[in-house]
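First comes the structure, then the notes that go with it.
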Amino acid sequence: MQQGDFGELVTEANRPIYDPATTTVGANGATRNPFPNAVIPESRWSRVTSVMLPYHPKPSLPGIAQNDIAPLSSNFQDHRTLGFKLDHRINDKHRISGMFNATDRPAQKSPGPSRLIPVGDTTALANYNIQRVTTRIIHANIDSTLSPTTLNNIRIGYSRFRNPNFSESFNQGWLGPDGGKLGLTGLPFDLFPTIQFDTEGYTRYGDNIASDNFFNTATLGDTATLIRGSHTIKIGAEWQYHQDNFRNFGNGGGDFDSGATAPAIHRPSTPPAMPGPASCWAKSTMPPRPTALRSRPGATPTGASSSTTPGR
């Protein structure tokens, strides 16, 4: 099917592929003729799809569905933690204490429902993202005995949380500059497009996750304790600073969801030009089947629509 020959699909599933160029409208509605021998000529393929196909691996199992084994959803997930405490008596009147803690959690993830390993050393078609959550916390106390009846505590603290989570295809030149390697223009970010086939467990292309968020918090406080006779009085103040930042690049390469008998729906972050796979695939009305097996769609043309399900 990666050569445009969908004969196996038509034979096994009885799903002819109709040529939109043959559409005629009559009193009973629109009709179309099937492609001869269920072969879509290369001249009718999407230009963007034609660039993607060389990266598509061949299925390792027979059939038009569930014809390959999906790789792991995560090849690594690490957890690293570092911390220490300090407690030092400077003299009879002053003492300092503090702590530091750092965590680092890098992981490779896949949003699913399935994935493939592209041909060659490339991020084309890959459905993986790298997430690296880090935290940093530092806190210090200075305790002073100013007199037998006057105590003081100074507190300083800072914490930072960061969660960058990016598709492996982000900023790899697939869409930028000026359409990049795929030649797909009008999209806001350089991210391989996401193409999903919502039927029979077919493999998803691309990963639309791309975001970076971090949160900073700083604190400074002081508390004085006054002992006067049988009374203890505490007076204090605290200053806090919070910074919340979230940057989202997700769907910046376009999100193409296939339809049962209609062109795919394109859902980008901003309205783009649509010269590529926006109308490349169609899907079956059959529900997906949970499985570890993966199916691989094949070549399809610009403007082709049918009741077919892409096969191998």
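Here are the numbers:
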item	result
Test: residue 244 is assigned to a strand (DSSP E or B) and closer than 30 Å to residue 123 by Cα	no
Those residues of segment 249-263 which are surrounded by 14 or more Cβ atoms within 10 Å (Cβ to Cβ) and either at pLDDT 90 or above or out of contact with any helix residue (DSSP H, G or I) (no Cβ under 6 Å at 6 or more places or on another chain) (or both), in sequence order	249, 250, 251, 252, 253, 254, 255, 257, 258, 259, 260
Residue under evaluation residue 45, criteria (1) within 29 Å of the chain's Cα centre (by Cα); (2) modelled with pLDDT of 90 or more; (3) aromatic (Phe, Trp, Tyr), criterion not met	(2)
Among (1) without any contact (Cβ under 8 Å) to a residue 12 or more places away in the chain; (2) in contact with a His (Cβ under 7 Å, 6 or more places away or on another chain) - the single one residue 31 does not satisfy	(2)
Criterion (aliphatic (A, V, I, L, M), surrounded by fewer than 18 Cβ atoms within 10 Å (Cβ to Cβ) and under 37 Å from the mean Cα position of the chain (by Cα)) met by exactly one of 65, 21, 30, 38	21
Every residue from segment 25-72 that is of a type in the set (A, V, I, L, M) and closer than 26 Å to residue 175 by Cα	48, 51, 52, 53
Any hit, segment 131-154, residues being of a type in the set (A, V, I, L, M), over 17 Å from the mean Cα position of the chain (by Cα) and under 30 Å from residue 8 (Cα atoms)	no
In segment 185-237, the residues that are out of contact with any Leu (no Cβ under 6 Å at 6 or more places or on another chain) and among the charged types (D, E, K, R)	198, 200, 204, 207, 212, 222, 228, 234
The one condition in (1) in a helix (DSSP H, G or I); (2) buried (at least 16 other Cβ atoms within 10 Å of the Cβ) that residue 11 fails to fulfil	(2)
Residue selected from segment 184-233 under the condition among the hydroxyl-bearing types (Ser, Thr, Tyr), in a loop (DSSP other than H, G, I, E, B) and within 22 Å of the chain's Cα centre (by Cα), by the criterion farthest from residue 148 (Cα to Cα)	199
Candidate set from segment 161-206 (those that are of a type in the set (Phe, Trp, Tyr) and within 18 Å of residue 56 (Cα to Cα)); member that is surrounded by the most Cβ atoms within 10 Å (Cβ to Cβ)	192
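For (1) within 19 Å of residue 165 (Cβ to Cβ); (2) surrounded by 14 or more Cβ atoms within 10 Å (Cβ to Cβ); (3) modelled with pLDDT of 95 or more, each residue gets a yes or a no:
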| residue | (1), (2), (3) |
| --- | --- |
| 81 | no, no, yes |
| 84 | no, no, yes |
| 98 | no, yes, yes |
| 101 | no, yes, yes |
| 106 | yes, yes, yes |
| 115 | yes, yes, no |
| 118 | no, yes, no |
| 126 | yes, yes, no |
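The values are calculated or read from the model by the stated rules, or taken from the named source; none is laboratory data. Please read these numbers as outputs of a predicted model, since none were measured by experiment. Ideal geometry is used to build each Cβ from the backbone, glycine not excepted, and the neighbour counts take in all protein chains shown.
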